[in-house]
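Accompanying notes for the structure given below.
The values are calculated or read from the model by the stated rules, or taken from the named source; none is laboratory data. Just so it is clear, the model here is predicted, and its values are computed rather than measured. Cβ placement follows ideal geometry from the backbone for every residue including glycine, while neighbour counts extend to all protein chains displayed.
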Amino acid sequence: MTGTASQIEWAGQIRARVDAEFHRVAEAFRTAAGNQLAEDRRFDRDDTMSIVAILEERRLEAMANDHAGYFIRNWQELTDQVRRTIAADARYREIKSRREMRRHAKSQDLNV
């Protein structure tokens, strides 16, 4: 990692928390996929596992950055950065849109 010794030490601590947070969020999605209703499972589970793949890709991108300043600037306050990282991904927005369309179609079917 590049930076001053103190930056590298600080960034190393942040980096470990970032990695753990990505894993925590991915595990939450995996658990959700296992708990989805049987009738919705086929589409929703596939979508959920696609989100997990996006998470892993974004985690690898973040972990590949070797600049201490990147972690200090972008990940120091680990509140909702992982969620925002996913939400900014066009593939995630597409998945979310498909889910909303399916739910809307399902509610229309129930109203008929």
Counted residues, the range 92-102 - those being surrounded by 11 or more Cβ atoms within 10 Å (Cβ to Cβ), of a type in the set (D, E, K, R) and out of contact with any Asp or Glu (no Cβ under 9 Å at 6 or more places or on another chain): 2
Failed criterion for N35 (all others in (1) under 28 Å from K106 (Cα atoms); (2) surrounded by 12 or more Cβ atoms within 10 Å (Cβ to Cβ); (3) without any contact (Cβ under 8 Å) to a residue 12 or more places away in the chain hold): (2)
Extreme residue, farthest from A11 (Cα to Cα), among residues of the range 61-79 that are surrounded by 10 or more Cβ atoms within 10 Å (Cβ to Cβ) and without any contact (Cβ under 8 Å) to a residue 40 or more places away in the chain: E61
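To keep it simple, each residue is scored yes or no on (1) modelled with pLDDT of 90 or more; (2) outside any helix (DSSP H, G or I); (3) not basic (K, R).
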position	(1), (2), (3)
S50	yes, no, yes
I72	yes, no, yes
L78	no, yes, yes
K96	yes, no, no
Subset of the range 59-69 [assigned to a helix (DSSP H, G or I) and more than 15 Å from E27 (Cβ to Cβ)]: L60, E61, A62, M63, A64, A68, G69
